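Trainee: Handing you a structure now.
Coordinate-derived values only; no laboratory data. As the structure is a computational prediction, the values presented were derived from the model and not from experiment. Note that we place each Cβ from the backbone using ideal geometry, even for glycine, and neighbour counts take in every protein chain shown.
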Amino acid sequence: MKRQRTSWNNWLLISGVILLAIIPLLAIRDSEFSGADGQAEAVIGEIQPEYEAWFEPLLTPPGGETESLLFALQAGIGAGTIGYVIGLYRGKHERNSTFK
Amino acid sequence: MKLKQLISLGLITATSVTVTILAAPPAQAMHIMEGFLPVTWAIFWWILFLPFFWLGLRSLNQITKDYPELKLLLALAGAFTFVLSALKIPSVTGSSSHPTGTGLGAVLFSPLIMTVLGSFVLLFQALLLAHGGLTTLGANAFSMAVVGPIVAYGLYGLVLQVSGRQTVALFLAAAVANLITYVVTSLQLALAFPAPEGGILSSFIKFAGIFAITQIPLAISEGLLTVLVWNWLVTYSQEQLQVLQQIKPKSL
């Protein structure tokens, strides 16, 4: 019974996250949703127009496609690890409870 | 039984990987970019950050030596930050940013452990993705991997004591840690770039208007996701959580 309630709660949590991501997309139509740091860069340009970055990134992804690949890879590795650990714990948990 | 378990494990892993890869929105950078802090400020934040990192390394070393069974949980805490900082989520301000994922590990282990794990995530992004930077790593790590986790840890304890409700405490801890990270980022930028009129305060309001407001819905998302993973842990790995309860005062 308690287990059922938790799983219901978990679905609510996931729906909350999805909603929070979708609402801005629907509410603000004419935006590209560019990164917040790009906007901060523009503000720096406003405050101190003469400032120039004094160091360049050693490695810049050659384009948007490669960049999104790397980000997807990052998310994929992380999510895979989380899934693996939780799955392992779950397997252990279920084995223990069947023996009991 | 063994085979069935392996299959289910594989399925869970494969599904989560697929879901995140398919869901990955177009990339944009975040945090303070490479070269965008004047040299003296870059050095200042590096110096402030390094002692925490060193203490964190020591604490991490201690835990893995004394409690090797907690390594999986450490991997989980690190992976959580890794995933969350890759998720560029659109926000109400019309720009996008990402969660930080440092609250979970800070509450589970200690803020110092998250300093190390968070810094590695930032290093990965600075080196491979040109996201953040090496010169600004000290500043970015200080906001995301030092201040964020400490706030999460403190707030969790406080709310837990006042309300007695673990999930509420965890939600608030994770959400506020996320938000405060970007408040600190705004402050760091304001200190380095005070406005000709109005000075640091006026700059701070400008930067916070970009970072912190964008971050509000994402902070809520992060709180929800943290509670989700926490629920799984509470359901399936009571044993590990109990070990953590015992060592917490020592690892801080």
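Trainee: Considering only the other residues whose Cβ falls under 13 Å of the Cβ of B:HIS98, what net charge follows from Lys and Arg at +1 and Asp and Glu at -1? Numbers along the way, then the final one.
Mentor: Values: positive: B:LYS88; negative: A:ASP37, B:GLU222.
Counting the neighbours of B:HIS98, the net charge comes to -1.
Trainee: So what are the ³J(HN,Hα) numbers for segment A:49-61, from phi and the Karplus equation (6.51, -1.76, 1.60; θ = phi - 60°), rounded to whole Hz, Gly and Pro as x?
Mentor: x, 7, 6, 10, 4, 9, 8, 9, x, 5, 9, 10, x
Trainee: Starting at 0 and stepping by 10 Å, how many percent of the alpha carbon pairs of chain B end up in each bin?
Mentor: Here the calculated profile for chain B is 7, 30, 36, 20, 6, 1, 0, 0.
Trainee: DSSP H helices in chain B with Cα extent of 24 Å or more along the helix axis and mean Kyte-Doolittle hydropathy at least 1.0?
Mentor: Span-like helices here: B:2-23, B:111-129, B:166-192, B:199-236.
Trainee: In addition: Sum -39500 (n - 2.57) across every DSSP H segment of at least 4 residues in chain B, then divide by the residue count to get the 222 nm mean residue ellipticity, nearest 500. Mind showing how you got there, number by number?
Mentor: Values: 10 runs with 190 residues, N = 252.
Value at 222 nm, helices only: -26000 deg cm²/dmol.
Trainee: Another question, if that's okay. Just how many pairs of Lys in the protein assembly as shown have C-alpha atoms closer than 26 Å, counting pairs that are eight or more places apart or on different chains?
Mentor: Pairs that pass both the separation and distance tests number 18.
Trainee: Could you identify which residue out of B:PHE44, B:PHE53, B:PHE124 has the top mean-square fluctuation in a GNM of chain B using Cα springs shorter than 10 Å?
Mentor: B:PHE44
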